[in-house]
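For reference, the structure is listed below as structure tokens.
The values are calculated or read from the model by the stated rules, or taken from the named source; none is laboratory data. Worth saying up front: this structure is predicted, and the values here are computed from it rather than measured. A quick note on method: Cβ atoms are made from the backbone with ideal geometry, for glycine too, and the neighbour counts reach across all protein chains shown. Protein only, heavy atoms only, side chains kept; ligands, DNA and RNA dropped before computing areas. Shrake-Rupley method; radii C 1.70, N 1.55, O 1.52, S 1.80 Å.
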Amino acid sequence: MTPVLALFRRNRMLGAILIAILLHICGTFLIEGYSSPFSIRAMLVLAALLAVASAGQTLVIILGGIDLSIPFVMGFANVVAAQLTGQGLPFWQVAGIVAVLALAIGAVNGALSSVLKIHPLIVTLGIGTVVQGLVLIWTKGFPSGSAPPFVSSFVSIGGSLGPIPVPGLIPALIIMAVALVLVLARTPYGRKLYAQGGNPTAAPFALINPVAMWSVTFALSALFAAIAGVLLLGFTGSAYGDVGQPYLFQTIAAVVIGGTSLIGGRGSYVGTLAGAVALTEINTLLIGLGLQPAMVQAALGATIILLVSLYGREPHLGTTI
Amino acid sequence: MMVIWRVLSRSGFGAALLVVLLLLNIVLNPARFAPQSWGTLIGLAAPLVAAALASTPAILGGRGGIDVSIGPLMGFINAIIIAVLIGNLGLSDPFVVIPAAILMGGTIGLCNGILAAIVRIQPIVATLGTYLVLSGLTTTIVPAPTGSIPDWLRTFSQYLAFLPPLAICIAWWGVRRLPYYDQLMATGSDDRAAFTAGVNVPLIRLLSYVLTGAFGGIASLSLSALIGSADPNVGPNYTLLAISATALGGVSLAGGRGGLTGAAIGAIDIFLLQSALTFFNVSTFVLQVAYGAVLVIAVSSTALHERLFLRTLR
């Protein structure tokens, strides 16, 4: 194997970054206006929204679990934030209520999965369905209200932050990414996360409390999903309970394309960022080429399979003995 | 008394829930459960039961094995046999359509199996990719519900409704007689030990996906019979229902434990729950909350049951 391929095998994240760059170059050649400032800003905002939603999924997957409640929590945050803003509550109160509820939902997910040793796929699916149903009952199926004006300008593609021609979302995302990378690499929580995910049998002997780790990580995942839901509220302007549906599989795809293994114990948020950018590039490229939405979905699936088979393959069973 | 207790403790929460829900449904709605409407009743439940049965072999193989694309697979085969085979090509003979459905299902299962077992992409990602490809292709081939079904296919939602799920069960009964079954359960329980004992783990897993796909082809016949046309929107809903049904029925998502009986019980539980709640005329939102809550409670109870009772068997 050539040294270059070996480098990509060892560092999957580089693969994702390279793919994103290649796709962008393809797009610039194939589509008129692909690299115009507006187009790049739009892609950055869409990728940023996906990156925020995938932040929690990254943590959960490093832990060795999976979070299918992200789309439901996004819808919950979206609708609840709109309702409460429409009822006149100030933004910091709305944000506080949504954040506390999201943390509680995530903590229940993590606690149930780890205490009773149930697969998180089922637990998060069930809890997510319950949350969505409760929100629908509360709004009687007709979500109302509006986006807080601060959030709308924060997310808007045409917005700008002082002299920088990007909306406030992008610098905020960069700061969040740096903070998350530092937390994962330098804090005890980050160490324990990788330890718990890498070897769940040995972790308790290193005095890591699995129930605490799972509860905290799933709570953080729900918090990131709620943040993404509120940001989407600012992006679209009105509440919509199913706003998170596309993100169910896209968050998993972004994390996996970024090089994090679903087995756990490996990966980083930078990879997820690259994966989110790559996914947004694929989506924009395919839509720009004029494919129908159904064919875009099919091509997206094929591309995910192709990308992961290039550098996301699991080791052969014989090498793990 | 002790016998009843021992039987209950062995069969788990899913079976107990089945008895409770069945009694509840018969008390609430005796007309629906009268013998003369059994055909229609089974016809309503058959696609879900068949989908749950179909998704079990892949899960049994272990190491995160799962087939998320089972719903779109059913929808895709439904679209092909009704819109293309019967609609465009005019081939409506059962001896053409049924083998075609099984063959298509098996081929798609083979693709899933190659991706998951040979190329070694994580099964949830591989089948997610297939999910997106199949649902996209289905909507492209059949943008809106179209077509109609021949009379023999309609009987699969009436008096012959039990036939497709029964066919899957008979096929699986045959598979259980083969050494393949033991190797599959060994792979699901501990794939490293199975590998060192000489089991061809990738091949076993590949075949489990082929089985899942073929059974999914049979399930698509039930689905086509129920909806009566080629509909691109119905298939994907069955994925989460089928996987929830298998988990509810005691099939471990880590592999190596459970069987088709559990999957069938789980699917019937979900169907009876929907039936009971619909009778109360509650809004679909309450139905959704109830469905999620029952799923979590049922899986929690199965886990608790395993910890409390099955420990004495070791």
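Could you please give the count of residues in the stretch A:301-320 that are facing chain B (nearest Cβ under 8 Å), assigned to a helix (DSSP H, G or I) and either open to solvent by less than 30 Å² (accessible area, probe 1.4 Å) or closer than 20 Å to B:Arg63 by Cβ (or both)? Don't jump to the end; show me each part of the working.
Residues of the stretch A:301-320 that are facing chain B (nearest Cβ under 8 Å), as a first pass: A:301-302, A:304-305, A:308-309, A:312-318, A:320.
Right, trim to assigned to a helix (DSSP H, G or I) and you get A:301-302, A:304-305, A:308-309, A:317-318, A:320.
Subset that is either open to solvent by less than 30 Å² (accessible area, probe 1.4 Å) or closer than 20 Å to B:Arg63 by Cβ (or both): A:301, A:304-305, A:308-309, A:317-318, A:320.
Matching residues across the stretch A:301-320 total 8.
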Inset, instruction - Consider only pairs whose beta carbons are under 8 Å apart and that are at least six residues apart or on different chains; among these, list those whose first residue lies in the stretch A:274-298 and is closer than 30 Å to A:Val178 by Cβ and whose second residue is among the aromatic types (Phe, Trp, Tyr). - result: A:Thr284/A:Tyr34; A:Leu285/A:Tyr34
Inset, instruction - Among the residues of the stretch A:105-161, write down those that are open to solvent by 50 Å² or more (accessible area, probe 1.4 Å) and under 19 Å from the mean Cα position of the chain (by Cα). - result: A:Phe154
Inset, instruction - Residues being away from chain A (no Cβ under 14 Å) and either in a helix (DSSP H, G or I) or at positive phi (or both): count how many of those fall in the stretch B:78-123. - result: 27
Inset, instruction - Could you list, in sequence order, all residues of the stretch B:158-187 that are under 25 Å from B:Ala79 (Cα atoms), open to solvent by 20 Å² or more (accessible area, probe 1.4 Å) and assigned to a helix (DSSP H, G or I)? - result: B:Leu163, B:Leu166, B:Ala167, B:Cys169, B:Ala171
Legend entry - Residue ID - farthest from the other protein chains (Cβ to nearest Cβ), chosen from residues in the stretch A:244-272 that are β-branched (Val, Ile, Thr) and within 20 Å of B:Tyr131 (Cα to Cα): A:Thr251
Legend entry - Evaluation of B:Gly62 against (1) assigned to a helix (DSSP H, G or I); (2) more than 14 Å from the chain's Cα centre (by Cα); (3) within 29 Å of A:Gly301 (Cα to Cα) (one fails), failing number: (1)
Legend entry - Subset of the stretch B:112-128 that is in contact (Cβ under 8 Å) with a residue 60 or more places away in the chain and under 24 Å from B:Asn237 (Cα atoms) - its residue that is surrounded by the fewest Cβ atoms within 10 Å (Cβ to Cβ): B:Ile124
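Could you list, in sequence order, all residues of the stretch A:273-300 that are of a type in the set (Gly, Ala, Ser) and more than 7 Å from chain B (Cβ to nearest Cβ)? Spell out the reasoning first.
Residues of the stretch A:273-300 of a type in the set (Gly, Ala, Ser): A:274-276, A:278, A:288, A:290, A:294, A:298-299.
A:Ala274, A:Gly275, A:Ala276, A:Ala278, A:Gly288, A:Gly290, A:Ala299 - these are the residues of the stretch A:273-300 that are of a type in the set (Gly, Ala, Ser) and more than 7 Å from chain B (Cβ to nearest Cβ).
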Legend entry - Boolean, B:Val96 is free of Cβ contacts under 8 Å to residues at least 40 places away in the same chain, within 15 Å of B:Arg205 (Cα to Cα) and open to solvent by 10 Å² or more (accessible area, probe 1.4 Å): no
Inset, instruction - Considering only the stretch A:85-104, state which residues are surrounded by fewer than 20 Cβ atoms within 10 Å (Cβ to Cβ) and in contact with a Leu (Cβ under 9 Å, 6 or more places away or on another chain). - result: A:Gln93, A:Ile97, A:Ala99, A:Leu103
Legend entry - Residue satisfying all of: in the stretch A:133-161; polar (S, T, N, Q) and either farther than 17 Å from A:Tyr240 by Cβ or part of a helix (DSSP H, G or I) (or both); modelled with the lowest pLDDT among these: A:Ser160
Inset, instruction - Determine which single condition A:Gly197 fails, assuming it passes every other condition in (1) assigned to a helix (DSSP H, G or I); (2) under 23 Å from A:Val135 (Cα atoms). - result: (2)
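Search the stretch B:135-150 for residues being hydroxyl-bearing (Ser, Thr, Tyr) and within 14 Å of chain A (Cβ to nearest Cβ), and hand back the single one that is surrounded by the fewest Cβ atoms within 10 Å (Cβ to Cβ).
Applying the first criterion (hydroxyl-bearing (Ser, Thr, Tyr)) to the stretch B:135-150 yields B:135, B:138-140, B:146, B:148.
Filter again for within 14 Å of chain A (Cβ to nearest Cβ), leaving B:135, B:138-140.
Details: B:Ser135: 25, B:Thr138: 29, B:Thr139: 24, B:Thr140: 17.
Out of the qualifying residues, it is B:Thr140.
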Inset, instruction - Inspect all residues belonging to the stretch A:165-172 and state whether any of them is open to solvent by less than 40 Å² (accessible area, probe 1.4 Å), within 25 Å of A:Leu248 (Cβ to Cβ) and within 14 Å of another protein chain (Cβ to nearest Cβ). - result: no
Inset, instruction - Assess whether B:Ser224 counts as being open to solvent by less than 30 Å² (accessible area, probe 1.4 Å) and either modelled with pLDDT under 90 or touching a strand residue (DSSP E or B) at 6+ places or on another chain (Cβ under 7 Å) (or both). - result: no
Inset, instruction - Working only within the stretch A:162-180, note down all residues that are under 17 Å from the mean Cα position of the chain (by Cα) and either farther than 25 Å from A:Ser268 by Cα or touching a residue at least 24 places away in the same chain (Cβ under 8 Å) (or both). - result: A:Leu169, A:Ile170, A:Leu173, A:Met176, A:Ala177, A:Leu180
Inset, instruction - Determine which single condition A:Ala253 fails, assuming it passes every other condition in (1) over 25 Å from A:Ser39 (Cα atoms); (2) among the small types (Gly, Ala, Ser); (3) part of a helix (DSSP H, G or I). - result: (1)
Inset, instruction - Return a yes/no flag: does the stretch B:25-37 have any residue that is assigned to a helix (DSSP H, G or I) and crowded, with 17+ Cβ neighbours inside 10 Å. - result: yes
Legend entry - Qualifying positions in the stretch B:227-246 - open to solvent by 10 Å² or more (accessible area, probe 1.4 Å) and under 14 Å from the mean Cα position of the chain (by Cα): B:Pro236, B:Asn237, B:Tyr238, B:Leu240, B:Leu241
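If you go through the stretch A:69-84, how many residues are surrounded by fewer than 24 Cβ atoms within 10 Å (Cβ to Cβ) and touching a Ser or Thr at 6+ places or on another chain (Cβ under 8 Å)? Outline the logic, then answer.
Taking the stretch A:69-84 first, the residues surrounded by fewer than 24 Cβ atoms within 10 Å (Cβ to Cβ) are A:83-84.
The next check asks that each one be touching a Ser or Thr at 6+ places or on another chain (Cβ under 8 Å); those that pass are A:83.
Total satisfying the criteria: 1.
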Inset, instruction - Take the residues in the stretch A:18-65 that are outside any helix (DSSP H, G or I) and hydroxyl-bearing (Ser, Thr, Tyr), then tell me which one is surrounded by the fewest Cβ atoms within 10 Å (Cβ to Cβ). - result: A:Ser36
Legend entry - Among (1) open to solvent by less than 10 Å² (accessible area, probe 1.4 Å); (2) in a helix (DSSP H, G or I), the one test that B:Leu206 misses: (1)
Inset, instruction - Quick one: A:Asp242 ticks every box in (1) crowded, with 22+ Cβ neighbours inside 10 Å; (2) part of a loop (DSSP other than H, G, I, E, B); (3) of a type outside the set (Gly, Ala, Ser) except a single one, so which number is it? - result: (1)
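Name the residues in the stretch B:188-202 that are in a helix (DSSP H, G or I), open to solvent by 20 Å² or more (accessible area, probe 1.4 Å) and more than 9 Å from every other protein chain (Cβ to nearest Cβ), would you? Please lay out each step first, then the result.
Applying the first criterion (in a helix (DSSP H, G or I)) to the stretch B:188-202 yields B:188-189, B:191-196, B:201-202.
Those still in the list that are open to solvent by 20 Å² or more (accessible area, probe 1.4 Å) too: B:189, B:192-193, B:195-196, B:202.
Passing the criteria: B:Ser189, B:Ala193.
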